[in-house]
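Remarks on the structure that follows.
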Amino acid sequence: MRKQRHDPEKLEACPMEATLDLIGGKWKGAILFRLSEQTMRFNELGRLFYKITPRSLTKQLRELEADGLVHREIYPEVPPKVEYSLTAKGETLRPVLHALKDWGEKEVLAPMKAAQEA
């Protein structure tokens, strides 16, 4: 189990800290964003994020599943087929994830592109 930075028992608990506990980290935001676009299998996610190790991807997916943001569907086949998708709770993050994407395009990628073209 991962360590939480916030104490949910305290009245002054910061909602931003609580949110970042769930979606923060190197890969979780990107995983959630891709799953907001479509249901994906483990290897599809692994190919998208080619720098993530299978162990890290598994850990991130398990944490997202434990937090109720990602659903893991196992199909009884040989070999087993496993698909990941957002839960109803995870779907509520869709506008936030797409706002972050839009901000990144405007404030991070566009200036980088402009600097390269100059």
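The values are calculated or read from the model by the stated rules, or taken from the named source; none is laboratory data. All values reported here derive from a predicted model rather than from experimental measurement. Every residue, glycine among them, receives a Cβ derived from its backbone with ideal geometry; neighbour counts consider all protein chains shown.
Within the range 42-61, is there a residue that is exposed (fewer than 11 other Cβ atoms within 10 Å of the Cβ), of a type in the set (A, V, I, L, M, F, W, C) and part of a helix (DSSP H, G or I)?
no
Here is a check on your reading of the model: is PRO54 more than 22 Å from HIS98 (Cα to Cα) and either among the hydroxyl-bearing types (Ser, Thr, Tyr) or without any contact (Cβ under 8 Å) to a residue 24 or more places away in the chain (or both)?
Yes: the conditions hold for PRO54.
Looking only at the range 72-100, which residues are among the basic types (Lys, Arg), out of contact with any Lys or Arg (no Cβ under 9 Å at 6 or more places or on another chain) and closer than 23 Å to ASN43 by Cα?
Once the filter is applied, which keeps residues that are among the basic types (Lys, Arg), out of contact with any Lys or Arg (no Cβ under 9 Å at 6 or more places or on another chain) and closer than 23 Å to ASN43 by Cα, the range 72-100 yields only ARG94.
TYR84 versus (1) of a type in the set (Ser, Thr, Tyr); (2) modelled with pLDDT of 95 or more; (3) out of contact with any helix residue (DSSP H, G or I) (no Cβ under 9 Å at 6 or more places or on another chain): which is the lone unmet condition?
(3)
For the range 79-100, which positions are without any contact (Cβ under 8 Å) to a residue 40 or more places away in the chain, part of a helix (DSSP H, G or I) and surrounded by 11 or more Cβ atoms within 10 Å (Cβ to Cβ)?
LYS89, VAL96
Filtering the range 101-116 down to residues that are surrounded by 10 or more Cβ atoms within 10 Å (Cβ to Cβ) and small (Gly, Ala, Ser), which residue is nearest to LEU32 (Cα to Cα)?
GLY104
Filter the range 1-41 down to residues that are part of a loop (DSSP other than H, G, I, E, B) and either within 12 Å of the chain's Cα centre (by Cα) or polar (S, T, N, Q) (or both) and give me whichever is modelled with the lowest pLDDT.
GLN4
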